[in-house]
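Novice: Next up is a structure, given as structure tokens.
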2 protein chains.
Amino acid sequence: MAKAPILTPQADDFPRWYQDLIGKAELADNGPVRGTMVIRPYGYSLWERMQSEVDARIKDAGAQNAYFPMFIPENYLTREAEHVEGFSPELAVVTHGGGKQLEEPVVVRPTSETIINEYISKWVQSYRDLPLLINQWANVVRWELRPRVFLRTTEFLWQEGHTAHVSYDDARAYASRIHRQVYGDFMRNVLAIDVLLGRKTARERFAGAINTLTLEGMMGDGKALQMGTSHELGQNFAKAFDIQYLADSGEREYAWQTSWGVSTRMVGGLIMSHGDDNGLRIPPRLAPVQAVVMAIKGDDAVLAAVRDLGDRLKAAGIRAVVDDKTDTPFGRRAVDWELKGVPVRLEIGPRDLEGGTAMLARRIAGGKSPVTLDSAVDTVAAVLAEDQDLLLRQSAERRIARTVDVASIDEAVEAATTGWARMPWADLGPAGEAKLAEQGVSVRCL
Amino acid sequence: MAKAPILTPQADDFPRWYQDLIGKAELADNGPVRGTMVIRPYGYSLWERMQSEVDARIKDAGAQNAYFPMFIPENYLTREAEHVEGFSPELAVVTHGGGKQLEEPVVVRPTSETIINEYISKWVQSYRDLPLLINQWANVVRWELRPRVFLRTTEFLWQEGHTAHVSYDDARAYASRIHRQVYGDFMRNVLAIDVLLGRKTARERFAGAINTLTLEGMMGDGKALQMGTSHELGQNFAKAFDIQYLADSGEREYAWQTSWGVSTRMVGGLIMSHGDDNGLRIPPRLAPVQAVVMAIKGDDAVLAAVRDLGDRLKAAGIRAVVDDKTDTPFGRRAVDWELKGVPVRLEIGPRDLEGGTAMLARRIAGGKSPVTLDSAVDTVAAVLAEDQDLLLRQSAERRIARTVDVASIDEAVEAATTGWARMPWADLGPAGEAKLAEQGVSVRCL
Ligand SMILES: [Zn+2]
Ligand SMILES: [Zn+2]
């Protein structure tokens, strides 16, 4: 049955497909101020699930949540030279407050290294206060000239971790722990994205860091998306904000620091990793709705069966909802659930009920087949586990298939049109990187 | 044993006691920009627990979370006349973004009625789209000339609900449901504050509302704190933002709306309701740490017993931590836990261990008595339940004892110096309210 496509096909225009999907699946809207976005309830429910999974891992890594003001005195930003240089073209500045011009303008945080380190310097006295491990969930602002919803927006939501340690080795180990055990684990095992873990070149590093660890995901168009970063800050901010501690030895030493973050950009990465021409495909472990039980028609027996199955799924710990809105045509509702990427649909009509079955439709693996109502809960649980694995496998297969070993800059530029190129950094170096940049190709990950 | 007081006694200077406690219990610091605050990890853990309890109740009431930009075009605020008048002296204005002066300045949200209603007007077409029930957790900014940490800060954290309904009755019922079942239930049964539920006078109403429901708590000094509000907005914003729906009848009608919020001010209310001269007293159902198991000395048997009891408490679902930092003097650690208001301390030293007991100290009811290690888990569970009830009872007793029926404005002013005055609105009226206001007394609740 040929249907008119609901979305621009990916193969025709991937960025257009992305925009279409964000609108049709009711994930987000553009905000009224250029570059801002409205995250609609379904889009926000994806972010909430991401938050809760990442937050649990951050707490396991020993960090505590806190909250710092979003208004930062301008002079804080100028204390660390590279940092201010990196951010000044992106700042939003408040010049009026309470009906008056402010004596000193304040900046809306583009990130909170400066203000958090001002306080860390007050709180840290001795080596016993270290490590100090702080995390914050917050909105930040970086004025965006080429905005794209979820990927680059003037205001976005994120978490930012900021830590202080007694030694270079401790700081380095913690940045790496966050990189692997928090972000890497979450992205592979919940988002089902086979991210590549590595580090950035000096050119691509965070402003003020001595080393930036990155997680790069390959999207459906073969392009890379930076899904998160974890930075070693060395003693740069400790010196700028005077974070010194009394060491075991009795000497005063500067602390060693890290910072790390993931943002609502991950929602964009999720869409572009797993989406297809029919909409989203949400990995079961993330999905706010794992299974929807649909009434095909509104007769009493069908509605009762649908609600009963919904209750049994919930009782088994499956995030299930019931769709009994039978005044909307069934086909339209089915297309909507497909757009939203709900992993499993169970459809029940009068004929299914006669046979004691439901039709089970799998959004991730594809295909439809009947299941008995008695066995439906067990089947759904098995399908969800299977399809979580399948998505990760598909992500890995794409990354492998579309990564080419190359030997020259020309070959790398060519490979970047359809996927990733891999070449030895020794052969490329900063000079080669600069040449690639002229062609619009960046070195993502060492 | 007479100790030098750690905090200014409440009876000497209640506001000073409050500031002392916020510093000593490591709840918050002043931010660098006037009126802003840094919420430290322990203070934030109280807010996180409040968020999770309130969020669950909001979801039970059918609302969905979303996120709207904090930057609002200035012209949005001017569309509803009373609303802009209410907020303009408090606004923070961004005039520069991305290194340039902006063509139209943008305001940092003081509340989101305007921007959310702009989108609700796009999303609502027919009566089938109603009720539309949206909630947002966010930071907001209202420039504060007399800031006090948690109570009045230039930036604060809150949730704001915004809903649209087909009729006045539906909107009114929903505002009331939030008032009672979400806020009232949370404040009484989790915060253990015996809040008074009522509505505001026209003078005290939210800018743009036709009715404001309030929850007023009596603090330790007998003063009232507004703990939350739920507003009926009538059709004011629907007309300003053109929120119309196609009714069942085929006619286009303006929607009826509500908005409602609670904020980090609740942390201030919690402190001032239950705190005493030794620090906080956190109700067990809220407490991030319900029980701390303390090693008095660092010998191996003690440490093993402390950890074992900690594990058994956690296994029983009690939020327990172990304090084995025996290089800090025991007395200092005990005072710290007392300041932080942890409901139960279990102290174990070599002598306790010989007798197979721990010393159980109750922060809320007061007193210390030994418990056998075998029975400790059950005893702690019982104490936590008892002390939750006790705190609510103490809150109710204070409210009743300090509320006086009065017959005149003079008597009301007199009563307000030590508590609350109650008098018939028919006898007072707007004219009497204006006279009270001249004496610095406000009508809190009808
Ligand atoms: Zn630097
Ligand atoms: Zn009005």
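Coordinate-derived values only; no laboratory data. All figures in this text were calculated on a predicted structure; none of them were measured in a lab. Here the Cβ positions follow ideal geometry from the backbone for every residue, glycine too, while neighbour counts run over all protein chains shown.
Novice: Residue by residue through region B:277-289, which ³J(HN,Hα) values in whole Hz follow from phi under the Karplus form 6.51 cos²θ - 1.76 cosθ + 1.60 (θ = phi - 60°), with glycine and proline marked x?
Specialist: Listing the rounded values in order: 5, 9, x, 6, 9, 9, x, x, 5, 8, 3, x, 10 Hz.
Novice: On alpha carbon coordinates alone, what is the Rg over Rh value for region B:5-89, Rh being the Kirkwood radius?
Specialist: On the way: Rg = 18.9 Å, Rh = 17.0 Å.
Checking Rg against Rh, the ratio lands at 1.12.
Novice: Please say if region B:37-189 is rounded, prolate or oblate, where rounded means a/c under 1.5 for a ≥ b ≥ c the square roots of the C-alpha gyration tensor eigenvalues, and otherwise the choice is prolate for a/b larger than b/c and oblate otherwise?
Specialist: Numbers: a/c = 1.95, a/b = 1.14, b/c = 1.72.
Oblate.
Novice: Between region B:276-292 and region B:323-366, how far is it from one alpha carbon centroid to the other, in angstrom?
Specialist: That distance is 14 Å.
Novice: How far is residue A:418 from the same spot in each other copy, in nm, shortest first, if each label point sits 7 Å from Cα toward Cβ?
Specialist: Nearest first, the other copies' label points are 8.8 nm away.
Novice: Further, regarding this structure: Tell me, what ³J(HN,Hα) does each residue in region B:67-83 have, in order and in whole Hz, if you take phi through Karplus 6.51 cos²θ - 1.76 cosθ + 1.60 with θ = phi - 60° and put x for Gly and Pro?
Specialist: Using θ = phi - 60°, the values come out as 9, 10, x, 7, 8, 10, x, 3, 5, 4, 5, 7, 6, 10, 4, 5, 4 Hz.
Novice: Taking amide hydrogens as modeled 1.01 Å from N in the peptide plane, which residues meet the under 5 Å criterion relative to residue B:322, leaving out close sequence neighbours?
Specialist: B:293
Novice: Given the C-alpha atoms of region A:330-400, compute the convex hull and give its volume per residue in Å³. Show your work: numbers first, answer last.
Specialist: Values: hull volume 5.7 nm³, N = 71.
Hull volume normalised by residue count: 81 Å³.
Novice: Give me a comma-separated list of calculated 3J(HN,Hα) values for region A:131-143, in order, Karplus coefficients 6.51, -1.76, 1.60 applied at θ = phi - 60°, integers in Hz, x for any Gly or Pro.
Specialist: Values per residue, Gly and Pro as x: x, 10, 10, 10, 10, 9, 9, 7, 9, 9, 10, 9, 4 Hz.
Novice: Another question, if that's okay. Using amide H atoms built in the peptide plane, which far-off residues or other-chain residues are under 5 Å from residue A:260 H to H?
Specialist: Correct list: A:161, A:231.
Novice: I need the inter-copy label distances for residue B:350: point set 7 Å along Cα to C-beta, values in nm with one decimal, smallest first.
Specialist: 8.4
Novice: To check my understanding: the extent here is largest minus smallest coordinate of the Cα atoms along each principal axis. What are those three numbers for region A:292-331, in Å, largest first?
Specialist: Result, largest extent first: 29, 19, 10 Å.
Novice: Send over the per residue convex hull volume for chain B, Cα only, as a whole number of Å³.
Specialist: On the way: hull volume 77.3 nm³, N = 446.
Measuring per residue, one finds 173 Å³ for the Cα hull of chain B.
Novice: Give me the Debye-computed log₁₀ of I(q)/I(0) at q = 0.15, 0.19 Å⁻¹ for region A:324-446, equal point scatterers on Cα only, no solvent, two decimals.
Specialist: Reported log10 I(q)/I(0), two decimals: -0.76, -1.00.
Novice: Can you compute the helix-only [θ] at 222 nm over the protein assembly as shown? Use -39500 (n - 2.57) per DSSP H run of at least 4 residues, normalise by all residues, nearest 500 deg cm²/dmol. Write out the running numbers ahead of the final one.
Specialist: Working: 30 runs with 322 residues, N = 892.
For the protein assembly as shown, the value works out to -11000 deg cm²/dmol.
Novice: With all pairs of different alpha carbon atoms counted, what Kirkwood hydrodynamic radius in Å does region B:403-446 show? Before the final figure, lay out the partial values.
Specialist: Numbers: mean 1/r = 0.0987 Å⁻¹.
Value: 10.1 Å, from the Cα pair sum.
Novice: At what distance in nm do the modelled label points of residue A:351 and residue B:122 sit from each other, each positioned 7 Å from its Cα along Cα→Cβ?
Specialist: With each label point 7 Å from Cα toward Cβ, the separation is 4.1 nm.
Novice: Where the eigenvalues come from the Cα gyration tensor of region A:105-255, what are the semi-axes √(5λ) of the equivalent ellipsoid, largest first, in whole Å?
Specialist: Values: eigenvalues 178, 74, 33 Å².
Sorted largest first and rounded, they come to 30, 19, 13 Å.
Novice: For q = 0.04, 0.08 Å⁻¹, what log10 I(q)/I(0) does the protein assembly as shown give under the Debye formula with an equal point scatterer on each alpha carbon and no solvent?
Specialist: -0.20, -0.84
Novice: In straight Cα distance, which aspartates and glutamates are under 20 Å from residue A:297, not counting same-chain residues fewer than 8 positions off?
Specialist: Straight-distance partners of residue A:297: A:308, A:311, A:323, A:324, A:327, A:336, A:338, A:347, A:352, A:354.
Novice: Using the count of nearby Cβ atoms within 10 Å as a rough guide to exposure, how do B:163, A:201 rank from fewest to most? Walk me through the numbers on the way to the answer.
Specialist: Details: B:163 27, A:201 17.
Lowest count first: A:201, B:163.
Novice: Further question on the same structure: Once you have the Cα-Cα distance between residue B:425 and residue B:4, take 0.36 nm times their residue separation minus that, and quote the gain in nm to one decimal.
Specialist: Values: separation 421, 0.36 × 421 = 151.56 nm, distance 4.72 nm.
Value of the extension gain: 146.8 nm.
Novice: Once the convex hull of the alpha carbons of region B:259-330 is built, what does its volume come to per residue, in cubic angstrom?
Specialist: Details: hull volume 8.2 nm³, N = 72.
Normalising the Cα hull of region B:259-330 by residue number yields 114 Å³.
Novice: At 7 Å along Cα-to-Cβ for each site, give me the label-to-label distance between residue A:146 and residue B:437 in nm.
Specialist: Taking the two extended label points, one gets 5.5 nm.
Novice: Mind giving me the FRET efficiency for residue A:414 and residue B:173? R0 is 45 Å, r the Cβ-Cβ distance, nearest 0.05 is fine. Please list the in-between numbers first.
Specialist: On the way: r = 65 Å, r/R0 = 1.44.
So the FRET efficiency works out to roughly 0.10.
Novice: Taking each pair of different alpha-carbon atoms in region A:185-303 once, compute 1/r for the pair, average those values, and report the inverse of that mean as the Kirkwood hydrodynamic radius in Å to one decimal. Display every interim value, and only then the final one.
Specialist: Values: mean 1/r = 0.0559 Å⁻¹.
Every distinct Cα pair counted, the radius reaches 17.9 Å.
Novice: Can you list the residues, at least 5 places off or on another chain, whose amide H is less than 5 Å from the amide H of residue A:210, using H built in the peptide plane?
Specialist: Sorted by chain and number, the residues that satisfy this are A:232, A:233, A:234.
Novice: Kindly point out which whole DSSP H helices in chain B project their C-alpha atoms 18 angstrom or further along the helix axis while averaging a Kyte-Doolittle hydropathy of -1.0 or above. Can you show the working numbers first?
Specialist: On the way: long enough: B:41-60 (28 Å, -1.06); B:300-315 (22 Å, 0.20); B:376-401 (36 Å, 0.14); B:425-438 (20 Å, -0.21).
Those that pass (Cα extent of 18 Å or more, hydropathy at least -1.0) are B:300-315, B:376-401, B:425-438.
Novice: Then there is this: Along the three principal axes, how long is region A:113-192 when you take its alpha carbons, biggest first, rounded to the nearest angstrom?
Specialist: Answer, in whole Å and largest first: 45, 32, 18 Å.
Novice: Defining the label point at 7 Å along Cα→Cβ, can you sort the distances from residue A:366 to the same site in each other copy, shortest first, in nm?
Specialist: When each copy's label point is compared with this one, the spacings are 7.4 nm.
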